[in-house]
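Chemist: Before anything else, here's the structure in question.
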Amino acid sequence: MYTYVSDTGDVYVEAIDRDDNIYSTHPVSNHKIVGFKVPMFNEAVELVKECAKVIQEVAYVGWDVAISENGPVIVEGNCFPGVFQVKPSLVNKKEGLIPKYNEIMRIF
């Protein structure tokens with residue numbers, strides 16, 4: 001399941017799974033999803049920025065990051081990170097993420 005996180009590390013919409021089930025609370029922890037603040041968010045962002053510099057020829061990587069007791073750690077990097085997932089079902093704007101990726105990567 002996935003959701004959206006703001007640039008400050010705050011979750012701002014409910015989560016959705018691949019079967020389009022929507023979650024307002026996490027099914028295991030029972031914590032409320034909207035309003036959750038990702039711990040060590042800024043540190044995770046900095047880690048991903050440093051990792052992105054390793055192979056600069058790769059224009060786009062979807063980084064899986066976990067927050068451990070010792071800080072953020074990279075789980076993996078994906079060269080095809082689900083750009084075509086049905087993420088617009090979480091928001092009213094139904095255009096998907098491709099326009100945003102194209103703009104950032106300067107693909108027109």
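Chemist: Read phi for every residue in the stretch 27-40 and hand back ³J(HN,Hα) as whole Hz from Karplus 6.51 cos²θ - 1.76 cosθ + 1.60, θ = phi - 60°, with x for Gly and Pro.
Modeler: x, 9, 7, 6, 6, 5, 7, 5, x, 5, 9, 5, x, 6
Chemist: Also, quick follow-up: What is the set of long-range amide H partners of residue 63 at a cut-off below 5 Å, with H atoms built 1.01 Å from backbone N?
Modeler: Counting only residues 5 or more places away or on other chains, the set is 78.
Chemist: Please give the contour-minus-distance gain from residue 4 to residue 40: 0.36 nm per residue of separation, less the Cα-Cα distance, rounded to one decimal in nm.
Modeler: 11.3 nm
Chemist: With θ set to phi - 60°, apply the Karplus curve 6.51 cos²θ - 1.76 cosθ + 1.60 along the stretch 43-58 and write out the HN-Hα couplings as whole Hz, x wherever there is a Gly or Pro.
Modeler: 5, 5, 4, 5, 4, 5, 4, 5, 5, 5, 7, 5, 10, 5, 6, 8
Chemist: Taking amide hydrogens as modeled 1.01 Å from N in the peptide plane, which residues meet the under 5 Å criterion relative to residue 15, leaving out close sequence neighbours?
Modeler: HN-HN under 5 Å from residue 15: 23.
Chemist: Right, here's the next one. What three numbers, in Å, describe the spread of the alpha carbons of the stretch 23-79 along their principal axes, ordered from the longest?
Modeler: 41, 23, 17
Chemist: Provide the packing ranking of 69-76, 13-20, 39-46, i.e. peptides ordered by the mean count of other C-beta atoms within 10 Å per residue, highest first.
Modeler: Descending mean neighbour count gives 39-46, 13-20, 69-76.
Chemist: While we're here: Which length gain, in nm to one decimal place, applies between residue 51 and residue 75 when the Cα-Cα distance is subtracted from 0.36 nm times their residue separation?
Modeler: Between residue 51 and residue 75, full extension yields an extra 7.5 nm.
Chemist: Please give the length that would be gained between residue 31 and residue 58 if that part of the chain were fully extended, namely 0.36 nm times their separation in residues minus their C-alpha to C-alpha distance (nm, one decimal).
Modeler: Residue separation times 0.36 nm, minus the Cα-Cα distance, leaves 6.1 nm.
Chemist: Net charge around residue 48, counting only other residues with Cβ within less than 15 Å of its Cβ (Lys, Arg = +1; Asp, Glu = -1)?
Modeler: With Lys, Arg at +1 and Asp, Glu at -1, the net is -4.
FYI, it's all coordinate maths here, none of it is from the lab. All figures in this text were calculated on a predicted structure; none of them were measured in a lab. A quick note on method: Cβ atoms are made from the backbone with ideal geometry, for glycine too, and the neighbour counts reach across all protein chains shown.
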